[in-house]
Amino acid sequence: MNFFLVVLLALILDAAIGDPPRIWDRYKHPAVLMGDVIEWLDQKLNRGKYLKARGFVAIGLASLLAIAIGMLIVALPNDGPIGMVNGALQVIIAATLLAFNGLAGHVSAVSVALEEGLEQGREAVSHIVGRDTSDMTESDVARAAVESAAENLSDAVVAPLLWLLIFGMPGLLFYKMVNTADSMIGHKNEKYVDFGFAAAKLDDLLNWIPARVTGFLICLSYFSQKAMNIMVYQADLHRSPNAGWPEAAMAGVLEISLSGPRTYGGEVSDDPYLNPSGRRDLIATDIDDAVKVLFRTVLVIAGILAVPTLLTLLF
């Protein structure tokens, strides 16, 4: 099956149906299986001395496993009936490891909950952000959801697509394994500050280009030079080496302020605002607007993918 067609169909399949509960309630999701690998390595290696070195070994072993499985998949014949089956398998795997549908759903759920009440909004946003939510105002909840939408558009959609496009199935599985490891062990707490160091740094590296591409695509989806300028000049103000790019672009197209002070572990940060001249009092409808940005950006991505797909099919 045409490779670009595989990628495009995977994006469409994820956007259309996401991860059907009736399937993944019965079987382990590939991301869950990756999590099992990381958990096993954590139990076996995260103890004793030389934890930082052990963390490098853990992420190295997990990465090699992911790449090996990807290479086995692409080693299957690409012609005839088996080739069609292999192509369909790659579409399903890629669609499963993309998360646009789930992202849009989780972010939209915060808007619905916030309309019901502040406590409901706090509870809903606590599932998609890592900061303290107990004292959040309505504006804080809305801002956190919008920021999560922007950052995860990069991590959950653009980055896996780019690694799939560049390195095929091995690249996609490698990226998702590292990203899963970062979410599980890439924390700066006592247990993981050393052991999770390699996973966190590798995840930052793998997301460096995708984050900037995501910001550009957000601006492109609105043809906004103003948002582009905000992104280019303010993205590096963010505490993260990558998250500032899609967040600054999102702030620009929605004409709002993002980032700024927030609470982690009971301590209030002094993070500067992105697009500080934008509106700071956010409400539930701003979350809805952010979800619209996600859809417009994914439509742009689908349009871009359609070009090489058609060219390779015709010629």
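Here's how it looks for LEU274: its modeled amide H is under 5 Å from those of LEU258, SER259, GLY260, which are all 5 or more places away or on a different chain.
So which GluC sites (Glu not before Pro) in segment 133-217 pass both tests, a DSSP loop state and at most 13 other Cβ atoms within 10 Å of the Cβ? Walk me through the numbers before you get to the answer.
Values: sites: GLU138, GLU147, GLU151, GLU190; in loops: GLU190.
Here the GluC sites (Glu not before Pro) that fit, given the DSSP loop and packing criteria, are GLU190.
When a/c is below 1.5 the answer is rounded, else prolate if a/b is larger than b/c, else oblate, so apply that to segment 1-108 with a ≥ b ≥ c taken from the square roots of the Cα gyration tensor eigenvalues. The shape class here is oblate. When the chain is modelled as a GNM with alpha-carbon springs shorter than 10 Å, which of LEU11, LEU61, LEU282 fluctuates the most? So, out of LEU11, LEU61, LEU282, the one fluctuating most is LEU61.
Under the rule a/c < 1.5 gives rounded, and otherwise a/b versus b/c splits prolate from oblate, where does the chain land using the Cα gyration tensor? It would help to have the intermediate numbers written out before the result.
Values: a/c = 1.73, a/b = 1.21, b/c = 1.43.
Taking the square roots of the gyration eigenvalues as a ≥ b ≥ c, the chain is oblate.
Overall, the anisotropy analysis places segment 184-311 in the oblate class: the square-rooted eigenvalues a ≥ b ≥ c of its C-alpha gyration tensor yield a/c not less than 1.5, with a/b not exceeding b/c. Straight-line cross-link partners of LYS44 among the lysines, defined as a Cα under 28 Å from its Cα and at least 8 positions apart when in the same chain: LYS28, LYS52, LYS176, LYS188, LYS191, LYS201. In plain terms, the chain from GLU138 to GLU115 could stretch by 7.3 nm, reckoned as 0.36 nm per residue minus the Cα-Cα distance. Summing Lys and Arg as +1 and Asp and Glu as -1 over all other residues whose Cβ lies under 12 Å from the Cβ of PRO246 gives a net charge of -3. Taking the chain as a Gaussian network, Cα atoms linked when under 10 Å apart, which of TYR175, TYR50, TYR222 shows the biggest mean-square fluctuation? Residue with maximal mean-square fluctuation among TYR175, TYR50, TYR222: TYR50.
So what's the gap between the Cα centers of segment 239-315 and segment 44-66, to the nearest angstrom? Centre-to-centre (Cα) distance: 33 Å.
Along the axis of the charge dipole computed for the chain (Cβ charges of +1 for Lys and Arg, -1 for Asp and Glu, origin at the Cα centre), the listed residues ALA159, VAL57, SER259 are led at the positive end by VAL57. Proximity of backbone amide H atoms, modeled 1.01 Å from N, is registered between ARG279 and ILE256, SER257 at under 5 Å, excluding neighbours fewer than 5 places apart on the same chain.
Rounded to the nearest 500, the helix-only mean residue ellipticity at 222 nm of the chain stands at -23000 deg cm²/dmol, with each DSSP H run of n ≥ 4 adding -39,500 (n - 2.57).
Any read-out appearing in this document is the output of simple, stated calculations on the displayed coordinates, not a laboratory observation. Because the structure is predicted, anything quoted here is derived from the model rather than measured. Note that each Cβ is placed from the backbone with ideal geometry, even for glycine, and that neighbours are counted across all protein chains shown.
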